[in-house]
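Asker: Take this structure first; my questions come after.
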Amino acid sequence: MAARIEHLVTSGTFSLDGGTWDVDNNVWLVGDDRQVVVIDAAHDPDVIARAVGQRELVAIICTHAHDDHIGAAPDLASHTGAPVLLHPDDLPLWKQTHPHLKPDGPLADGQVLTVAGTELRVLHTPGHSPGAVSLYAPDLGAVFTGDTLFAGGPGATGRSFSDFPTIIASIKDQLLTLPPDTEVRTGHGELTTIGAEAPRLDEWIARGH
């Protein structure tokens, strides 16, 4: 059976730099009836575990280490035995949420993860955070961008550990080079396509945020 994409929305809070905000997060599952990966274990480990069901959870992949994207990762890992994977440049952010735990393995640009016969290619896309990554699944025509690229523009860069020129370079060099019909599965909100977002690059740069 071919791999497919499944989608959950979980709700909770995001805290950084002394502020806290209510947020809804997209949680993505990629796999088939036998095995699956979770991209961004946000807020509610029980809801995510129910979606995984009896399938083998190959990995819990973190697009970045803001607390709303990793809060449920350790509990889900404990329940399933799956490793938590994170780019090492985001370890300072991880430690703010889970100071006494470590991720189980690193992510690196160009790394290929395989689930249900489908490849997920790791693209290092810093800017929203130093270790932010996107995951490109060419067979599924999709890229999972976390908070790097949304429908309408780049992710926020106004808080600690973020940088606007860096996120623009990541989007331009890593994401906008993908096929135009590639679906962008975001960390929050609605999906878009590479082709829909590419013409807006100059507008984002002019806007400067």
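The values are calculated or read from the model by the stated rules, or taken from the named source; none is laboratory data. As the structure is a prediction and not an experimental result, all values here were calculated from the model. Quick reminder, even Gly has a Cβ in these numbers, built from the backbone with ideal geometry, and neighbours come from all protein chains shown.
Asker: How about the range 1-116: which strands (runs of 3 or more DSSP E) wholly inside it have at least 2 residues that are surrounded by fewer than 18 Cβ atoms within 10 Å (Cβ to Cβ)? Can you show your working first?
Answerer: Working: elements: 4-16, 19-31, 35-39, 56-61, 84-86, 112-115.
Answer list for the range 1-116: 4-16, 19-31, 112-115.
Asker: Further, regarding this structure: Take the range 186-201 and flag every residue that is part of a loop (DSSP other than H, G, I, E, B) and either more than 20 Å from residue 64 (Cα to Cα) or without any contact (Cβ under 8 Å) to a residue 60 or more places away in the chain (or both).
Answerer: 190, 191
Asker: Just checking, how many residues over the range 16-31 are more than 17 Å from the chain's Cα centre (by Cα) and among the small types (Gly, Ala, Ser)?
Answerer: Taking the range 16-31 as the starting set, the residues that turn out to be more than 17 Å from the chain's Cα centre (by Cα) are 16-22.
Now restrict to residues that are among the small types (Gly, Ala, Ser): 18-19.
So the count comes out to 2.
Asker: Additional query: Tell me which residues, restricted to the range 132-158, are in a loop (DSSP other than H, G, I, E, B) and in contact with a Ser or Thr (Cβ under 9 Å, 6 or more places away or on another chain).
Answerer: Quick first cut of the range 132-158, residues in a loop (DSSP other than H, G, I, E, B) only: 132, 141, 147-148, 151-152, 155-158.
Within the range 132-158, 132, 141, 147, 148, 151, 152, 155, 156, 157 qualify.
Asker: Within the range 169-191, is there a residue that is of a type in the set (A, V, I, L, M, F, W, C), out of contact with any helix residue (DSSP H, G or I) (no Cβ under 6 Å at 6 or more places or on another chain) and either farther than 25 Å from residue 90 by Cβ or modelled with pLDDT under 95 (or both)?
Answerer: Filtering the range 169-191 down to residues of a type in the set (A, V, I, L, M, F, W, C) leaves 169, 171, 175-176, 178, 184, 191.
Filter once more, so that each one left must be out of contact with any helix residue (DSSP H, G or I) (no Cβ under 6 Å at 6 or more places or on another chain): 169, 171, 175, 184, 191.
Applying the additional criterion that residues be either farther than 25 Å from residue 90 by Cβ or modelled with pLDDT under 95 (or both) yields none.
The answer is no, given that none of the residues of the range 169-191 is of a type in the set (A, V, I, L, M, F, W, C), out of contact with any helix residue (DSSP H, G or I) (no Cβ under 6 Å at 6 or more places or on another chain) and either farther than 25 Å from residue 90 by Cβ or modelled with pLDDT under 95 (or both).
Asker: A follow-up question, please. Look through 79, 87, 98, 69 and report the one residue that is at pLDDT below 95 and either on the phi > 0 side of the Ramachandran plot or not basic (Lys, Arg) (or both). Can you show your working first?
Answerer: Values: 87 fails: at pLDDT below 95; 98 fails: at pLDDT below 95; 69 fails: at pLDDT below 95.
Just a single option satisfies the conditions, and that option is 79.
Asker: Just a yes or no: is a residue in the range 71-83 touching a Gly at 6+ places or on another chain (Cβ under 9 Å) and either over 18 Å from residue 43 (Cβ atoms) or basic (Lys, Arg) (or both)?
Answerer: Looking through the range 71-83, at least one residue is touching a Gly at 6+ places or on another chain (Cβ under 9 Å) and either over 18 Å from residue 43 (Cβ atoms) or basic (Lys, Arg) (or both).
Asker: Filter the range 172-185 for residues that are over 26 Å from residue 62 (Cβ atoms) and touching a residue at least 40 places away in the same chain (Cβ under 8 Å) and give the result.
Answerer: Across the range 172-185, the qualifying residue is only 181.
Asker: OK, next. Given (1) among the hydrophobic types (A, V, I, L, M, F, W, C); (2) at pLDDT 95 or above; (3) out of contact with any strand residue (DSSP E or B) (no Cβ under 8 Å at 6 or more places or on another chain), where does residue 1 come up short, assuming only one miss?
Answerer: Going through (1) among the hydrophobic types (A, V, I, L, M, F, W, C); (2) at pLDDT 95 or above; (3) out of contact with any strand residue (DSSP E or B) (no Cβ under 8 Å at 6 or more places or on another chain) one by one, residue 1 breaks only (2).
Asker: Which of the numbered conditions does residue 97 fail, given that it passes all the others? Conditions: (1) touching a strand residue (DSSP E or B) at 6+ places or on another chain (Cβ under 8 Å); (2) of a type in the set (S, T, N, Q); (3) over 20 Å from residue 173 (Cβ atoms).
Answerer: Just one mismatch for residue 97, condition (1).
Asker: Let me ask something else about it. Which residue pairs have Cβ atoms under 7 Å apart, sit 6 or more places apart or on different chains, and have a first residue in the range 4-19 that is farther than 15 Å from residue 162 by Cβ and a second that is surrounded by fewer than 13 Cβ atoms within 10 Å (Cβ to Cβ) and modelled with pLDDT of 95 or more?
Answerer: From the range 4-19, the pairs are 13/20; 13/21; 13/22.
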